[in-house]
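The values are calculated or read from the model by the stated rules, or taken from the named source; none is laboratory data. Keep in mind that what you see is a predicted model, and the values were worked out from it rather than measured. When we count neighbours, we look across all protein chains shown, and the Cβ atoms used for this are built from the backbone with ideal geometry, even at glycine. Calculation scope for accessible area: heavy atoms of the full protein, side chains included, ligands and nucleic acids excluded. Shrake-Rupley method; radii C 1.70, N 1.55, O 1.52, S 1.80 Å.
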Amino acid sequence: MPQVEFKTLIESVRAGTHLASFPTDTVPALAARPDRAELIYIAKQRSLDKPLILMASEIDELWNYVKGSDRELEAWNAIAKQYLPGALTLVLPANDRVPAAMNPSDPTTIGVRVPNHAIARQILAKTGALATTSANRSGQPALLSMPEIAAEFPEVMVLDANSTEVASGTPSTVAKWTGEGWQILRQGAIVLM
């Protein structure tokens, strides 16, 4: 599919008819409505034991998909205020609003993230939270340009983005809540203090 305008991408994602790709602060995203997450696994030829990330324009929207005690919510808010928007994915206990296809091997958890990228956040503000991952075939390096993504994934709606914001090319740090603190699952752009 050729690169498309902002409005066309938003309409297609809302309808659940296509995958979308757009730039973020780390690497470009491949995205779908959470209830259509299986489209990502098919397009990427991705193993079901690799979970997807739920991305939104604001952290408050993502709290609707997790569950925890008041003490835990306070700890999660503290780290979110310090690092988000940004290149940090928090893996938290999922509530029953999260489709099982987001994390088929462990539907009790969900990775959540708010990118520090204006275009990505504008898209997410219009679509609501989306299931996301890097735009590449499973096991291959992340594709970093929108034309590369359009060529590799002809079935995906790729945003025709003339952004001056540059992706870092470094994936997000992934930190999992253990009940008492954070376990780093993948070291990325952010080093937790």
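Rounded, prolate or oblate for the range 1-46? Axes are the square roots of the Cα gyration tensor eigenvalues, ordered a ≥ b ≥ c, and the cut-off for rounded is a/c under 1.5.
Taking the square roots of the gyration eigenvalues as a ≥ b ≥ c, the range 1-46 is oblate.
Summarise the accessible area of the chain (1.4 Å probe, protein heavy atoms) by the percent that is carbon and sulfur. Write down the numbers at each step before the final one.
On the way: 4610 of 8870 Å².
C and S atoms contribute 52 percent here.
For the range 114-193 and the range 1-22, compute the distance between their C-alpha centroids and round to whole Å.
Computed from Cα coordinates, the inter-centre distance equals 16 Å.
By how many nm would the segment from GLU180 to ALA151 grow when fully extended, if each residue of separation counts as 0.36 nm and the alpha-carbon distance is taken off?
6.0 nm
Principal axis lengths of the chain from Cα atoms, whole Å, largest first?
Sorted largest first, the three principal extents are 47, 32, 30 Å.
With every protein chain kept in place and ligands, DNA and RNA left out, what is the accessible area per residue of the range 1-124? Probe 1.4 Å, answer in Å².
Solvent-accessible surface per residue comes out at 42 Å².
If you look for lysine pairs in the chain that are eight or more places apart or on different chains, how many of them have Cα atoms under 23 Å apart?
Close lysine pairs found across the chain: 7.
Each label point is 7 Å from the Cα along the Cα-to-Cβ direction; what then is the distance between the points at GLN140 and ASP60, in nm?
4.0
Heavy atoms only, probe 1.4 angstrom, no DNA, RNA or ligands counted: give me ARG33, ARG71 ranked by accessible area, highest first.
Ranking ARG33, ARG71 by accessible area, largest first, yields ARG71, ARG33.
In what sequence, highest mean first, do 127-136, 99-108 appear when ranked by Cβ atoms within 10 angstrom?
Packing order, densest peptide first, comes out as 127-136, 99-108.
Work out the length of the dipole vector of the range 1-76 about its Cα centre, built from +1 on the beta-carbon of each Lys and Arg and -1 on the beta-carbon of each Asp and Glu, and round it to the nearest 20 debye.
Using only the charged Cβ atoms, the result is roughly 420 debye.
Charges at C-beta only: +1 for Lys and Arg, -1 for Asp and Glu. How large is the resulting dipole of the chain about its Cα centre, in Debye rounded to 20?
Dipole size: approximately 140 debye.
For the pair LEU48/ASN95, report the inter-label distance in nm, with labels modelled 7 Å from Cα in the Cβ direction.
Result: 2.7 nm between the two label points.
Would you grab the residues whose amide H sits under 5 Å from the one on LEU185? Only those 5+ places off in sequence or on another chain, please, with H modelled 1.01 Å from N.
The list, which skips near neighbours in sequence, is VAL174, ALA175, LYS176.
Under the √(5λ) rule applied to the eigenvalues of the Cα gyration tensor, what semi-axes describe the equivalent ellipsoid of the range 8-72? Give them in Å, descending.
After diagonalising the Cα gyration tensor, the semi-axes are 23, 16, 12 Å.
Be a star and scan the range 133-150 for residues whose amide nitrogen sits under 19 Å from the point 7 Å along the Cα-to-Cβ vector of ALA118.
Within reach of a label on ALA118: 146.
On the full set of protein chains, 1.4 Å probe, figure out the accessible area of VAL91 and give it in Å² to the nearest 10.
20
When all C-alpha to C-alpha distances in the range 34-132 are sorted into bins of 5 Å, what percent of pairs does each bin hold, rounded to whole numbers?
Each 5 Å bin holds this share of Cα pairs: 2, 14, 24, 24, 21, 11, 3, 1.
Heads up, I need the accessible area for LYS176: 1.4 angstrom probe, whole protein in place, Å², nearest 10.
Here the residue's solvent-accessible area equals roughly 60 Å².
How would the range 80-127 be classified by its alpha-carbon gyration tensor: rounded, prolate or oblate, with rounded meaning a/c under 1.5 and the a/b versus b/c comparison settling the rest?
Values: a/c = 2.77, a/b = 1.61, b/c = 1.72.
Oblate.
Please name whichever of ALA43, LEU62, PHE6 sits farthest to the positive end of the charge dipole of the range 1-90, dipole taken about the Cα centre and charges placed at Cβ: Lys and Arg +1, Asp and Glu -1.
Farthest towards the positive end: ALA43.
Can you give the calculated 222 nm mean residue ellipticity of the chain, where each DSSP H run of n ≥ 4 adds -39,500 (n - 2.57) and the sum is split over every residue, rounded to the nearest 500 deg cm²/dmol? Show your work: numbers first, answer last.
Numbers: 6 runs with 52 residues, N = 193.
About -7500 deg cm²/dmol.
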